[in-house]
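Participant: Please read through the structure below; I'll follow up with questions.
The numbers here are math on the coordinates, done by the rules we state, and not lab data. Computed from a prediction, not measured in an experiment: that's the story for all the values here. Here the Cβ is made from the backbone with ideal geometry for all residues, glycine too, and neighbour counts use every protein chain on show.
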Ligand SMILES: [Mn+2]
């Protein structure tokens, strides 16, 4: 964890920005997979980690701005718990490490909130994303789960985002540690993928790299020969074949839960085919065009447009598109090949603060998302500012169902050469992803270099 002063300062700024009322923070709890004692992997809520650091189940906290009080609620371990889990630091000890002197048993949380309601204090809470939290909020505040989404505090959300969106030097150090191990995960996969291995085997190799450091995954591994399926979490056990491509999208989170998120597409056999190499080089040019554009003040929607234009150019060269590439990008025709956004904020969450709603994190106040297919999937659109950490992850995909649908609907016939496209139905999909940090005057990649060009990937692959 960081120093006590870091957490005290974070809460001081938060109190100042919200200004009045009472802030309620619900930590995460252990949840049974198939019975209570056989729980899912425990992951503390990221906002709770940001302000209180305590990485334990069953905690809540209150910052009572009006009364100038900070309290952590939770039950100290009983002898039965200690027999089961061993001795742990007490809640009191953990709280003191972040500069909080008051701790209370969990039963007192409801009492405190009832008194606040009686005094007509504003109780601010954040959007719940777990069923347990919805039940808990209903018990604590009397708000039905179906009414909680409209009762969340936008002021609280905006204040937290206004802090967590700007990474400090000590946070960058943590993220970089996670990215470096994530690069190791990818290089291990590049060396392990061979004809005859399976997706499942590669997953075990990737996981082992994170496990060596006792790091968890920042999201379930995507490891597939069907790269055109964007979020495929199923792993095959049939042997991989020469001529196929293997897409790995994975990252770890370090001990403090800061994330890394990378994607690499590699050949299964010794090298890419000529056709695959051509598309990989288009992707590489698109990636480099993004890197050339990112700096403070540039809107990420503009970087997305530049990348779509570059991909459309490449598709024109292949004879799969026609017309002006820049127009094809803006109109949405190029989204046939890149239907997702160019990137997202990253921090304690791999999609940072997505639980609050993407528009609060990645869009300017009052700006709504584009309704256009492809463009609507842009998670980060606003102007880049010093302190932002985000991914750059262009991809090129050939999605047969999307081709069929658009062709049947005669969509973008001025831009897309459907007659040529049918020969590419089985190409699959490729993506390359790296993590970036914007600072005053520029931007830099986080973590060590990961092979990007087809030749660099083949070199690592054939080591
Ligand atoms: Mn990503």
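Participant: Would you mind computing, in nm to one decimal, how far apart the modelled labels at residue 96 and residue 31 are, each placed 7 Å from Cα along Cα→Cβ?
Facilitator: Simple spin-label model gives 3.4 nm for this pair.
Participant: Order by neighbour count: 144, 351, fewest other Cβ atoms within 10 Å first, most last.
Facilitator: Result, fewest neighbours first: 144, 351.
Participant: Once you have a ≥ b ≥ c as the square roots of the Cα gyration tensor eigenvalues for the chain, tell me rounded if a/c is under 1.5, and otherwise prolate or oblate according to whether a/b is larger than b/c.
Facilitator: It comes out prolate by the Cα gyration axes.
Participant: While we're on this one: Sorted by packing (mean other beta-carbon atoms within 10 Å per residue), highest first, where do 46-53, 81-88, 16-23 land?
Facilitator: In decreasing order of mean packing, 46-53, 81-88, 16-23 become 46-53, 16-23, 81-88.
Participant: Can I ask one more? Hey, rough spin-label estimate for residue 75 and residue 16, points 7 angstrom out along Cα→Cβ, what's it come to in nanometres?
Facilitator: Each label point is offset 7 Å from its Cα along the Cβ direction, giving 3.9 nm.
Participant: Could you tell me whether the stretch 154-303 comes out rounded, prolate or oblate from its Cα gyration tensor? Rule is a ≥ b ≥ c as square roots of the eigenvalues, rounded for a/c under 1.5, then prolate if a/b exceeds b/c, otherwise oblate.
Facilitator: oblate
Participant: Then there is this: For an R0 of 35 angstrom, estimate the FRET efficiency from the Cβ-Cβ distance between residue 420 and residue 298 and round to the nearest 0.05. Walk me through the numbers on the way to the answer.
Facilitator: On the way: r = 34 Å, r/R0 = 0.98.
Rounded to the nearest 0.05, the efficiency is 0.55.
Participant: Pull up the DSSP beta bridges for the chain and report the antiparallel fraction as a percent, rounded to 5. Please list the in-between numbers first.
Facilitator: Details: 39 of 45 bridges.
Close to 85 percent.
Participant: A further question on this structure: Take the alpha carbon gyration tensor of the stretch 8-106, find the square roots of its eigenvalues, order them as a ≥ b ≥ c, and report rounded if a/c is under 1.5; if not, report prolate when a/b exceeds b/c, else oblate.
Facilitator: prolate
Participant: Set the Förster radius R0 to 45 Å, insert the Cβ-Cβ distance between residue 87 and residue 359 as r into 1/(1 + (r/R0)^6), and round the FRET efficiency to 0.05.
Facilitator: That gives a FRET efficiency of 0.50.
Participant: Do the sum for the chain: with -39,500 (n - 2.57) for every DSSP H run of n ≥ 4, divided by all residues, what is the mean residue ellipticity at 222 nm, to the nearest 500 deg cm²/dmol? Spell out each step's value before the answer.
Facilitator: Values: 17 runs with 185 residues, N = 463.
Calculated from helices alone, the mean residue ellipticity at 222 nm is -12000 deg cm²/dmol.
Participant: Taking a virtual spin label 7 Å from the Cα of residue 241 along the C-beta vector, which residues in the stretch 261-279 bring their backbone nitrogen under 16 Å of it?
Facilitator: 268-270, 273
Participant: If you don't mind, another one. Just subtract the alpha-carbon distance of residue 444 and residue 373 from 0.36 nm times their residue separation and send over the number in nm, one decimal. Walk me through the intermediate numbers first.
Facilitator: Values: separation 71, 0.36 × 71 = 25.56 nm, distance 3.01 nm.
Result: 22.6 nm gained on full extension.
Participant: What is the extension gain from residue 229 to residue 147, computed as 0.36 nm multiplied by their sequence separation minus the C-alpha to C-alpha distance, in nm to one decimal?
Facilitator: Answer, rounded to one decimal: 26.0 nm.
Participant: So, in Å, what gap is there between the alpha-carbon centers of the stretch 286-320 and the stretch 172-248?
Facilitator: That distance is 26 Å.
Participant: Among bridges DSSP assigns within the stretch 4-164, what percent are antiparallel (round to 5)? Write out the running numbers ahead of the final one.
Facilitator: Numbers: 12 of 18 bridges.
In the stretch 4-164, approximately 65 percent of DSSP beta bridges are antiparallel ones.
Participant: So, one more: Sticking with the crude label model, points 7 Å out along Cα→Cβ, report the distance from residue 456 to residue 2 in nm, one decimal please.
Facilitator: 3.1 nm
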